[in-house]
Amino acid sequence: MAIKEKGGQKNSASTAPAGAKSAASKIAPAKGKLGVMVVGLGAVATTMIAGVEAVRRGLAKPYGSLTQMGTIRLGKRTDNKSPLIKDFIPLADLNDIVFTGWDIFEDNVYEAAAHAEVIRKETLDQLRPYLETIKPMPAVFDRYYVKRLNGTHVKKGMNKLDLANQVVTDIQEFKKTVDRVVMIWCGSTEIFLEPTAVHQTIESFEKGLEKSDLGIAPSQIYAYAALKEGVPFANGAPNLTVDIPALVELSKKNSAPICGKDFKTGQTFMKTVLAPAFKARMLGVKGWFSTNILGNRDGEVLDEPQSFKTKEESKLGSLEYIFQPELYPDLYKDIYHKIRINYYPPRGDEKEAWDNIDIFGWLGYPMQLKVNFLCRDSILAAPIALDLVLFLDLAKRTPELKSIGIQEWLSFYLKSPQTAPGLYPEHDLFIQSMKLKNTLRHIMGADLVTHLGLDYYD
Ligand SMILES: NC(=O)c1ccc[n+]([C@@H]2O[C@H](COP(=O)([O-])OP(=O)(O)OC[C@H]3O[C@@H](n4cnc5c(N)ncnc54)[C@H](O)[C@@H]3O)[C@@H](O)[C@H]2O)c1
């Protein structure tokens, strides 16, 4: 069938009406250096930093990064207009990124990357002089929150407020050398914490810092310092961190965007692809058993029950929200969902994940699906960390986004999306992807793509 064009419809940024165009022009340009402060220079962080440098030198391509390789369709399918995302929106250029960070160990990024054994030695050696220049600042750390680690490169302070102020000073010093700053937590998973009274308002949180309240974890001290300084903050781990009213309030107050938590990389990435497919076809699910073997330092930390609990909670959420058992009790009411992470040193960062999914179809006949994902944890996480940094910097420069606090459109990257109170989180990867791209179209004054498409058949 011939596809008919509808005339006169304004569909893209370049053909958008005058009012829409001015929306895009209000986004501040990505001029100058973007400083990226990374908390925790372990496997993910060093894979991101070494990867960005490898891409800058033309040694490799940024596979896995939507900001670097993705395109965005503008207008009708017949317009054939799909620029690269980085050409459509004003994103920071990789050449303008400057990295710094903190860790509880003194290793520079070359040494930490070599220890993580993710990037091949020959590549690391090519990058060595650059990577050796990035040395961690002393960290805010307390073994109470990450029991399996014992670092010595740590700050000392009278109380948690003093430690937060020391991080603020680190940020202020770094700000003198760059034009804009974003912070990302790539540190270890902390023990499971639930919000308490201390987390409710900025005032109660600040009092809690002064009294060194046990409910305030190191990740929250960094996040508080970032938000206090108007610096956007992303969280790659499942820690509670900014998922509390006090820090959401501070994020809005100081125009420092935040998003959800825990990079959506391996098993949960697959879950949020498969579960929407079962639901779209009205196939029922009886059980979903997920297990992993993992041998890196993250695996070692997650071997400790209280850190595992934090991860488990983050991983469990997605199915419940996608399947909506309250809407589809016949299909999804009593799913047996089990998640295991086993520390198995021989595999290092090369995680292996198995899923056994018991599904049922027409007339209740049972079927099974097995997924065996032989992935590389940090290879999947590094481009996500990079994209989050670049998009949070964009959000900070976008008048419409910078003071709304939670950037729900970044849920695409995260196992635990963060939302406004009362909203259920959207976990379906394809809805998340559409939401992200439509947000980009929206802030650029381009028409949203709804995929309705009836006008092709007029
Ligand atoms: N790789 C993935 O696919 C993936 C996916 C989702 C989430 N994550 C999370 O990302 C985080 C990083 O993963 P990784 O594989 O790089 O782990 P890693 O153990 O290699 O690195 C974590 C680093 O953080 C440091 N650290 C711990 N507490 C700190 C603190 N308070 N201040 C500064 N540094 C601190 C550790 O010394 C270590 O170098 C983990 O929490 C992990 O659960 C990873």
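The values are calculated or read from the model by the stated rules, or taken from the named source; none is laboratory data. Being a predicted model, the structure only gives us computed values, none of them experimental. When we count neighbours, we look across all protein chains shown, and the Cβ atoms used for this are built from the backbone with ideal geometry, even at glycine. Areas reflect the complete protein model, heavy atoms only, side chains present, ligands, DNA and RNA absent. Shrake-Rupley method; radii C 1.70, N 1.55, O 1.52, S 1.80 Å.
Of all residues assigned to the stretch 249-266, at least one qualifies as being among the β-branched types (Val, Ile, Thr) and not in a loop (DSSP other than H, G, I, E, B).
Of all residue pairs spaced 6 or more apart or on separate chains, those with beta-carbon atoms under 9 Å, a first member in the stretch 110-121 that is more than 15 Å from residue 377 (Cα to Cα) and a second member that is more than 10 Å from the ligand (Cβ to nearest atom) and among the basic types (Lys, Arg) are 110/128; 114/121.
Restricted to the stretch 270-389, the set of helices (runs of 4 or more DSSP H) holding at least 2 residues that are open to solvent by less than 40 Å² (accessible area, probe 1.4 Å) and β-branched (Val, Ile, Thr) comprises 305-323. Listed here are the helices (runs of 4 or more DSSP H) enclosed by the stretch 46-121 that have at least 3 residues being open to solvent by less than 60 Å² (accessible area, probe 1.4 Å), among the aliphatic types (A, V, I, L, M) and at pLDDT 95 or above: 109-116. When residue 401 is tested against (1) in a helix (DSSP H, G or I); (2) more than 19 Å from residue 256 (Cα to Cα); (3) open to solvent by less than 80 Å² (accessible area, probe 1.4 Å), just one condition goes unmet, and that condition is (2).
If you go through the stretch 409-444 one residue at a time, how many are among the small types (Gly, Ala, Ser), at pLDDT below 95 and out of contact with any Asp or Glu (no Cβ under 8 Å at 6 or more places or on another chain)?
First pass over the stretch 409-444, keeping only residues among the small types (Gly, Ala, Ser): 411, 416, 420, 422, 433.
Among the residues that remain, those that are also at pLDDT below 95 are: 416, 420, 422.
Still in the list and also out of contact with any Asp or Glu (no Cβ under 8 Å at 6 or more places or on another chain): 422.
Residues in the stretch 409-444 being among the small types (Gly, Ala, Ser), at pLDDT below 95 and out of contact with any Asp or Glu (no Cβ under 8 Å at 6 or more places or on another chain): 1 in total.
Any residue in the stretch 346-367 that is aromatic (Phe, Trp, Tyr) sitting within a Cβ distance under 7 Å of a residue that is open to solvent by less than 20 Å² (accessible area, probe 1.4 Å) and part of a strand (DSSP E or B)? List the pairs, counting only those 6 or more apart or interchain. Correct list of pairs: 360/284.
Going through (1) more than 9 Å from the ligand (Cβ to nearest atom); (2) of a type in the set (A, V, I, L, M); (3) outside any helix (DSSP H, G or I) one by one, residue 146 falls short only on (1).
A Cβ distance below 9 Å, combined with a sequence gap of six or more or placement on separate chains, defines the contacts here; from the stretch 47-69, residues that are aromatic (Phe, Trp, Tyr) reach residues that are open to solvent by 20 Å² or more (accessible area, probe 1.4 Å) in the pairs 63/69; 63/379.
Output yes when any residue across the stretch 331-338 is within 16 Å of the ligand (Cβ to nearest atom) and touching a residue at least 12 places away in the same chain (Cβ under 8 Å), and no when none is. Please lay out each step first, then the result.
Kept after step one, since they are within 16 Å of the ligand (Cβ to nearest atom), are these residues of the stretch 331-338: none.
No, the stretch 331-338 contains no residue that is within 16 Å of the ligand (Cβ to nearest atom) and touching a residue at least 12 places away in the same chain (Cβ under 8 Å).
Return the residue satisfying two criteria in turn: it lies in the stretch 185-242 and is assigned to a helix (DSSP H, G or I) and open to solvent by 20 Å² or more (accessible area, probe 1.4 Å), and of such residues it is nearest to the ligand (Cβ to nearest atom). Among residues in the stretch 185-242 that are assigned to a helix (DSSP H, G or I) and open to solvent by 20 Å² or more (accessible area, probe 1.4 Å), the one nearest to the ligand (Cβ to nearest atom) is 228. Summed over the stretch 162-184, the residues that are within 20 Å of residue 219 (Cβ to Cβ) and either among the basic types (Lys, Arg) or not in a helix (DSSP H, G or I) (or both) give a count of 4.
Of the residues making up the stretch 149-164, those that are farther than 18 Å from residue 46 by Cβ and either surrounded by fewer than 16 Cβ atoms within 10 Å (Cβ to Cβ) or within 16 Å of the ligand (Cβ to nearest atom) (or both) are 150, 152, 154, 155, 156, 157, 158, 159, 160, 162, 163, 164.
Regarding the stretch 260-269, can at least one residue be identified that is open to solvent by less than 40 Å² (accessible area, probe 1.4 Å), touching a Gly at 6+ places or on another chain (Cβ under 8 Å) and more than 27 Å from residue 346 (Cα to Cα)? Among the residues of the stretch 260-269, at least one is open to solvent by less than 40 Å² (accessible area, probe 1.4 Å), touching a Gly at 6+ places or on another chain (Cβ under 8 Å) and more than 27 Å from residue 346 (Cα to Cα), which makes the answer yes.
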